[in-house]
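Enquirer: Before I ask anything, let me first share the structure, which is written out below as structure tokens.
The values are calculated or read from the model by the stated rules, or taken from the named source; none is laboratory data. Keep in mind that this is a model prediction, so the values were computed, not measured. When we count neighbours, we look across all protein chains shown, and the Cβ atoms used for this are built from the backbone with ideal geometry, even at glycine.
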Amino acid sequence: MIDLKEISVDQLKEFILSRGLPHYRAEQLVHWIYEQGAASLEEVTVFSKDLRKELSSIARIGNIRLITSQVSHDGTRKFLFSLDDGETIESVLIPDEKRLTLCISSQVGCAMGCSFCLTGRIGLRRNLKAYEILDQVLQVSRLIRPLRVTNIVLMGMGEPLHNINEVAEALRRINELLKISRRRITLSTAGYLPGFRVLTEKAPPVNLAVSLNATTDKVRNGIMPVNRRYPLKELLAACRTYPLERRKRITFEYIMISGINDTLEDAERLHRLLRGIPSKVNLIPLNRSPGIDLEPSPEERTFRFQQSLLKKGMTVIIRKSKGSDILAACGQLRAEYNK
Ligand code: SAH
Ligand code: SF4
């Protein structure tokens, strides 16, 4: 049985031609799977009943399956999906004025082990396949019809650069087939640098966010073990090579953790580190999670940190956390893994 979402579009076209069908049938099928969101061959109603039946005996349109969804009091909605092998992942839909941003996962769990993040606690269970990454978009789009997902962020479970081949393929399809502009797609990384080259060579040039979270290697090593192999200097050098369009900037995410990374000296160092990189900084109050022994910085300290960066002419916002009441906020996704 061939899964038509699992294979690439070229393979899908070959498959249709190999059945002795004309090329336009392949085009129709691609359109119905990716733009109409058909979740089974039954739903591909441009095909005659006979054709659908014929194809159904050898091919299927596979789907990740929704287990539950929860809505936060702020409108954030979290979806729990199960995969064919019983693993589970989460996606989060965040409404914001006119935007509907979907935060998707790239791995089941994550190998990076950041000390502030629940997903990191799970460890890496496995990589997602390209179709499992993009199917999060297709499934949520079906569920919210007639509304549409307008923006995509790869900020759910997993480190996208640690699974970059599948992520790049998913991004290409989300961009070309689901027709979501690469300007509305953001990939967030903790700095797993081996994936960086593939990102620039194989993926559409999406927006880049970097989870920085510290201004010295010592502190970053302590909270983000990936830094021990790919330290700040190398990370920022890679950022300087990232191809940015005019007027585009790299977003640096900085979680404010009380007593760890939130002094005015940190602000000073942050300014120096980002010098010469077109950047904006998002200060994120740490989200508390069960079993994680860190505290968010007091509000006024975060505010002072922001002020000192603003004075230096940087673009800095304090990001409001969304969905924390249903463990849907940054760093709170664990897809029901209880350790
Ligand atoms: N692995 C990638 C993308 C997924 S994590 C990365 O780390 O960038 C998505 C975001 O959640 C990151 O910016 C991370 O810094 C943030 N995050 C993780 N744990 C958090 C917590 N407890 N509070 C606030 N943000 C958190
Ligand atoms: Fe992985 Fe990102 Fe969580 Fe770190 S913050 S453990 S890289 S998902």
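Enquirer: Taking the stated definitions as given, is Glu14 more than 19 Å from the chain's Cα centre (by Cα) and of a type in the set (D, E, K, R)?
Expert: Yes: the conditions hold for Glu14.
Enquirer: Next question, about the same structure. Checking the condition closer than 30 Å to Lys13 by Cα and at pLDDT below 95, which residue from Arg197, Arg173 passes?
Expert: Details: Arg173 fails: at pLDDT below 95.
Unique residue meeting the criteria: Arg197.
Enquirer: Can you tell me which of (1) part of a loop (DSSP other than H, G, I, E, B); (2) of a type in the set (Gly, Ala, Ser); (3) under 20 Å from the mean Cα position of the chain (by Cα) is the one Ala238 doesn't meet?
Expert: (1)
Enquirer: Collect the residues in segment 15-55 that are surrounded by 13 or more Cβ atoms within 10 Å (Cβ to Cβ) and over 26 Å from Arg145 (Cα atoms), keeping them in residue-number order.
Expert: Phe15, Ile16, Leu17, Arg19, Leu21, Leu51, Glu54, Leu55
Enquirer: Can you name the residue in segment 291-318 that is in a loop (DSSP other than H, G, I, E, B) and without any contact (Cβ under 8 Å) to a residue 40 or more places away in the chain and, of all such residues, is farthest from the chain's Cα centre (by Cα)?
Expert: By that ranking, first place goes to Gly313.
Enquirer: When segment 181-198 is examined, which residues are found to be more than 13 Å from ligand 1 (Cβ to nearest atom) and under 14 Å from Met155 (Cα atoms)?
Expert: Of everything in segment 181-198, those that are more than 13 Å from ligand 1 (Cβ to nearest atom) and under 14 Å from Met155 (Cα atoms) turn out to be Arg184, Ile185.
Enquirer: Out of Arg65, Arg77, report the one residue that is in the same structural domain as Ser106 (by TED's automatic domain parsing), charged (D, E, K, R), within 24 Å of Leu128 (Cα to Cα) and within 33 Å of the chain's Cα centre (by Cα).
Expert: Only one candidate passes the filter, namely Arg77.
Enquirer: Confirm whether Ser106 is buried (at least 17 other Cβ atoms within 10 Å of the Cβ), touching a residue at least 60 places away in the same chain (Cβ under 8 Å) and under 18 Å from Ala190 (Cβ atoms). Outline the logic, then answer.
Expert: Details: buried (at least 17 other Cβ atoms within 10 Å of the Cβ): yes; touching a residue at least 60 places away in the same chain (Cβ under 8 Å): yes; under 18 Å from Ala190 (Cβ atoms): yes.
Yes, satisfied.
Enquirer: For Ser91, which of the numbered conditions (1) outside the structural domain of Glu6 (by TED's automatic domain parsing); (2) of a type in the set (S, T, N, Q); (3) away from ligand 1 (no atom under 13 Å from the Cβ) fails to hold?
Expert: Exception for Ser91: condition (3).
Enquirer: Only one of these is under 23 Å from Gly313 (Cβ atoms), within 11 Å of ligand 1 (Cβ to nearest atom) and assigned by TED's automatic domain parsing to the domain that holds Ala170: Asn213, Asn261, Asn207. Name it.
Expert: From the options Asn213, Asn261, Asn207, the qualifying one is Asn213.
Enquirer: Just checking, does segment 309-317 include any residue being in contact with an Asp or Glu (Cβ under 9 Å, 6 or more places away or on another chain), of a type in the set (D, E, K, R) and away from ligand 2 (no atom under 16 Å from the Cβ)?
Expert: yes
Enquirer: Okay, moving on. Can you find, within segment 134-160, the residue that is nearest to ligand 2 (Cβ to nearest atom) among those that are part of a helix (DSSP H, G or I) and touching a Gly at 6+ places or on another chain (Cβ under 9 Å)?
Expert: So, considering only residues that are part of a helix (DSSP H, G or I) and touching a Gly at 6+ places or on another chain (Cβ under 9 Å), the one nearest to ligand 2 (Cβ to nearest atom) is Pro160.
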